[in-house]
Structure formats: C-alpha cells, structure tokens
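Data first, discussion second: the structure below is written as structure tokens.
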C-alpha cells in the first residue's frame, strides 16, 4: 500500500518530536548532591522528651559546616505516622572557634526508625532541606529526665584484699590512705599489721568526712595513724 507523501512527512515529523522528548528526561532529584550532610552527635536516641545534638558537614563530608551564622531547623517523622513540627536548634561551640554543633529537644513517642528533615542555610543563602533516617530505642544507656539512677556497687581500694585501706586520695602533691570506720569502729589485726608494714604516704583511720578533710588538709593537727 502506498501512503500519500504528505502523510508520510507528517508521521516522520511526529516521530522526530517524540524521540526528542525522550532524550531530555530530567534525572530524579534524589541523585542531586546534598548541600550538607547531617551527623548525629547524640550517642543514641530514646523514647521520650530528649535533648538532641546534631552536627553538619559540608557537601564533601570532610569538614564541619556548622557555624554561628548558619541556621538549622529540624522536623521529625515517626514510624507510626507521628510528626514533630520543624523547630530551630541552637548553635553552640563544641570546640571554641573550631567546631560547633546544634542542640535542641524532641519528644519521640515510639521506638523505631525515624526521619529527621533538616532545613539549613547560611546568611543570605537559600535554605536547603536534607532528610536523615535514624533509630529511636525503647530504652537507652543514657539516662533521661526522671530516670532512676542505676544500682551499682562502688569498688574501693579495700577490694584488692590483703587488709589494704578503703580509699587512697591524692592531694597537694601527696598520697593519703584512709581506713573508713563508723564512729567507735575497731581496726582488725590485719589492718594493724598493714599499717606497721606500710612505707608509703600518710595513713589513718577516719570516722567522718570532716576527719578525712582535716587529714588531707591539716597534717600537723593529725595524730599518728591508728
């Protein structure tokens, strides 16, 4: 079948136009280089009202972009659809004149993977937004406001055994050993033997904080050990 020349010409132009349109496809914006890179300064994030600290690196990831004249606001999106409105953070120097960070607060209502939307700009520049994903834990090693202090056993010098005194204190260029006793408490034969053989710094039994302070600060007023 022979088509009219005019129709062939029209079809050919249409094909050229379609081919031209396909060649000008714009790459997705996700491939664009970010204006800055967020860095988590907080060691971990936990559920509840928390202090958060963030840093910024430049686009190369090689130097800090945080500065007193650069603003930063962050909004958060939670794993269950929660949102925390964007709010400005405060710039503080972590190392005076060298490295800075931004601090603020955020109330994370659930554990899981959260997304922080960072909006930042230097003075006179157009703000840019970068998103950053991070985990929020149900419990953290860092204590939050109102959390009870962990129950721990505080080791003392006496834990080394051998009737060694309880604590050793360095003060004023000298080292002091102290055996802690309740008022009226008695030293053991082993502790007396340790004192007799000790050839180091001053050693004394103390029954109060005041006695300990006098011992390390007013040596002339303190009688011989034991």
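Conditions (1) modelled with pLDDT under 95; (2) within 21 Å of residue 35 (Cα to Cα); (3) in the same structural domain as residue 40 (by TED's automatic domain parsing); (4) touching a helix residue (DSSP H, G or I) at 6+ places or on another chain (Cβ under 7 Å), marked per residue:
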{"position": "86", "(1), (2), (3), (4)": "no, yes, yes, no"}
{"position": "89", "(1), (2), (3), (4)": "no, yes, yes, no"}
{"position": "96", "(1), (2), (3), (4)": "yes, no, yes, no"}
{"position": "100", "(1), (2), (3), (4)": "yes, yes, yes, no"}
{"position": "104", "(1), (2), (3), (4)": "no, no, yes, no"}
{"position": "113", "(1), (2), (3), (4)": "no, no, yes, no"}
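Name the residue, out of 106, 66, 116, that is surrounded by 16 or more Cβ atoms within 10 Å (Cβ to Cβ), in contact with a strand residue (DSSP E or B) (Cβ under 7 Å, 6 or more places away or on another chain) and part of a loop (DSSP other than H, G, I, E, B).
Criteria check complete, one pass: 66.
For segment 171-194, does any single residue satisfy the condition of being part of a strand (DSSP E or B), more than 30 Å from residue 53 (Cα to Cα), without any contact (Cβ under 8 Å) to a residue 12 or more places away in the chain and not assigned by TED's automatic domain parsing to the domain that holds residue 45?
no
Of the conditions (1) in contact with a helix residue (DSSP H, G or I) (Cβ under 8 Å, 6 or more places away or on another chain); (2) surrounded by 12 or more Cβ atoms within 10 Å (Cβ to Cβ), residue 121 clears all except one; give me its number.
Among (1) in contact with a helix residue (DSSP H, G or I) (Cβ under 8 Å, 6 or more places away or on another chain); (2) surrounded by 12 or more Cβ atoms within 10 Å (Cβ to Cβ), the lone unmet condition for residue 121 is (1).
Being within 30 Å of residue 76 (Cβ to Cβ), surrounded by 13 or more Cβ atoms within 10 Å (Cβ to Cβ), modelled with pLDDT of 90 or more and in contact with a strand residue (DSSP E or B) (Cβ under 9 Å, 6 or more places away or on another chain): is that true of residue 140 here?
No, not satisfied.
I'd like to verify a number: residues in segment 76-88 that are surrounded by 12 or more Cβ atoms within 10 Å (Cβ to Cβ) and more than 17 Å from residue 41 (Cα to Cα), how many?
Total meeting the criteria: 7.
The values are calculated or read from the model by the stated rules, or taken from the named source; none is laboratory data. None of the values given here were measured: they were computed from a predicted structure. Every residue, glycine as well, gets a Cβ built from its backbone with ideal geometry; the counts of neighbours run over all protein chains shown.
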